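**Q** The structure follows.
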Amino acid sequence: MTSGSTFPQRLTRIDPITLPDHSHLAATDEIYFLGEYTARQGYSFSATNNLVLNLKKSVTLRGTPQWKWKGRAIAEAATAFGAALNQEWLSTATLVPIPPSKAKKDPLHDDRLIQMLRAIRPNSPLDIRELIIQTQSTAAAHELQGRPGPEDILQHYQCEPALRLPPPHTIALFDDVLTTGAHFKAAQTLLRNPFPQARIVGFFIARRVPDTADPEDFE
C-alpha cells in the first residue's frame with residue numbers, strides 16, 4: 001500500500017496463510033481486519049499506518065494541535081467498520097471493546113475504541129457493552145522484557161456483572177491492531193464462562209504484518 005492509497009473499507013479474514021503471523025490464535029478463531037500496519041515506517045508509509053499512529057496518539061496530547069488527528073482517526077475507523085459490516089448483523093450483535101492497558105481511573109486511560117464503536121451508527125444505537133474491565137493498569141508492551149500471553153492478560157480482566165443481561169448471542173470483540181492475538185484470546189476466555197453459547201468474533205482496525213515492532217510501542 002502506498003501513501004496515496006485510502007484506508008480499506010472491506011474486511012479480510014485471517015486465514016491459514018496469515019494465521020501463523022499471530023501466534024496465539026487458533027484455526028477455529030473467527031478474526032477479521034481492515035488494513036495492514038507496518039511498524040517503523042511512519043505516517044506516510046500507508047493509509048493504515050497513518051490511521052493507526054493517529055489513533056494511538058497519547059491522551060497527554062489532549063488540547064494540543066495534534067489532538068484533532070486522533071479524533072479524525074477514530075471517525076475514519078468508525079466509518080470503515082460501518083461500511084464493511086452488514087447492518088442487519090450489527091443490529092443483533094453485542095459490540096465489546098477490548099480494554100486498553102490503562103485502567104479507567106488512570107489518567108492515561110484511552111477510550112478510543114468505545115468512541116469508535118459509538119460512532120459506527122450514531123443515529124441508530126447499537127448494543128455496545130464494556131463487558132471487559134481492566135482491573136489495574138499494566139505497562140505498555142515495550143516496557144516489558146517478554147510479551148505477555150493470554151494468561152498474563154487475563155489476570156487483569158474482569159467481566160462486568162451489571163452488563164451481562166440480556167445474554168448476547170453474538171459477541172463482536174473490537175481492538176485496534178492484531179499482533180500475537182493474546183488480548184483477543186484473553187477476552188475470549190473471559191467471556192466463554194458467562195456466555196458459553198455465544199459466537200465470539202474478533203474485529204481489528206489492522207493486523208501487524210510480520211517481522212515488525214508492536215504498535216503499542218507508540219502509546
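The numbers here are math on the coordinates, done by the rules we state, and not lab data. These numbers were taken from a predicted model, which means no experiment stands behind them. Here Cβ is always computed from backbone atoms with ideal geometry, including for glycine, and neighbour counts include all displayed protein chains.
**Q** For residue 17 and residue 111, compute 0.36 nm times the residue count separating them, minus their Cα-Cα distance, and round to one decimal in nm.
**A** Gain in length upon complete extension: 30.6 nm.
**Q** Let me ask another. Output the relative contact order of the stretch 1-129, whole-number percent, from Cα pairs under 8 angstrom with separation of 6+ residues.
**A** In percent, rounded to a whole number, it is 23.
**Q** For residue 104, what is the net charge nearby, where nearby means another residue's Cβ is under 12 Å from its Cβ and Lys, Arg count +1, Asp, Glu -1?
**A** My count for the surroundings of residue 104 gives -3.
**Q** How much space per residue, in cubic angstrom, does the convex hull of the C-alpha atoms of the stretch 1-104 take up?
**A** Spelled out: Cα convex hull of the stretch 1-104, divided by residues, is 155 Å³.
**Q** Can you compute the modelled spin-label distance between residue 83 and residue 124, with each label point 7 Å from Cα toward Cβ, in nm?
**A** With each label point 7 Å from Cα toward Cβ, the separation is 1.8 nm.
**Q** Separate question: Could you run the Karplus curve 6.51 cos²θ - 1.76 cosθ + 1.60 with θ = phi - 60° over the stretch 131-138 and give me ³J(HN,Hα) per residue in whole Hz, x for Gly and Pro?
**A** Running phi through 6.51 cos²θ - 1.76 cosθ + 1.60 with θ = phi - 60° gives 6, 9, 10, 7, 6, 8, 5, 10 Hz.
**Q** Pairs of alpha-carbon atoms within less than 8 angstrom and 6+ residues apart define the contacts here; what relative contact order does the stretch 1-76 have, in percent?
**A** Rounded, it is 29 percent for the stretch 1-76.
**Q** Just subtract the alpha-carbon distance of residue 155 and residue 197 from 0.36 nm times their residue separation and send over the number in nm, one decimal.
**A** Working it through step by step, the gained length comes to 12.8 nm.
**Q** Between residue 136 and residue 61, 0.36 nm times their residue separation minus their Cα-Cα distance comes to what?
**A** Between residue 136 and residue 61, full extension yields an extra 24.7 nm.
**Q** Suppose we keep just the DSSP beta bridges with both residues in the chain; what percent of those would be antiparallel, to 5?
**A** Within the chain, antiparallel bridges account for around 20 percent of the total.
**Q** Label points 7 Å out from Cα along the Cβ direction at residue 162 and residue 209: separation in nm?
**A** About 4.4 nm, to one decimal.
**Q** Compute the distance from the alpha-carbon center of the stretch 68-133 to that of the stretch 148-182, in whole Å.
**A** Cα centroid of the stretch 68-133 versus Cα centroid of the stretch 148-182: 14 Å apart.
**Q** Given Cα pairs under 8 Å that are at least 6 residues apart, what percent is the relative contact order of the chain?
**A** Relative contact order comes out at 28 percent.
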